[in-house]
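Here's the structure, in structure tokens; my notes come after.
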Amino acid sequence: MKYLFLICASEAEDAKMSPEDRGALYAAYGAFTQEVKDRGVYLGGNPLHPTSTATTVRVRNGKTLSTDGPFAETKEQMGGYYLLNCANLDEAIELAAKIPSAKTGSIEVRPIMEMGTNAAHS
């Protein structure tokens, strides 16, 4: 089953990292990405630009409204994602715990609802 791993962390705390700590974090992400590729479960993943670059879009009464920034102010912001094909939720949780930002932020694991004729049986 495909799972989306939403990586949430504090942009403010990340900005305070030393260059050495940032390098170590990037190396840890590189190692994790290589592990999921080696296991054959990697389908994709990328970091996101900061929330200062976000645009939120809403349609109300047929009119498109866009505003700068994220939808809501939170302590943690979505900083990236992985899309992995896991055998089950147990494997997804095991892998989520290995994502480096799980140590300081949180990883939301969401199963992908696949649309199609056999989606309900996947």
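Coordinate-derived values only; no laboratory data. All figures in this text were calculated on a predicted structure; none of them were measured in a lab. Ideal geometry is used to build each Cβ from the backbone, glycine not excepted, and the neighbour counts take in all protein chains shown.
For a paramagnetic label modelled on D68 (point 7 Å from Cα along Cα→Cβ), amide N atoms under 16 Å away belong, within segment 30-51, to 50-51. Taking all C-alpha pairs of segment 2-121, those more than 18 Å from each other amount to 59 percent. Explain nothing, just the number: relative contact order of segment 2-121, from Cα pairs under 8 Å at least 6 residues apart, as a whole percent. Relative contact order comes out at 47 percent. Under the combined filter of DSSP loop state and at most 11 neighbouring Cβ atoms within 10 Å, segment 54-103 retains these chymotrypsin sites (Phe, Trp or Tyr not before Pro): F71. Just going by the charge dipole of the chain, with Lys and Arg at +1 and Asp and Glu at -1 on Cβ, which of L25, A102, M113 is farthest out on the positive end? Projecting each Cα onto the dipole axis, the largest value belongs to M113.
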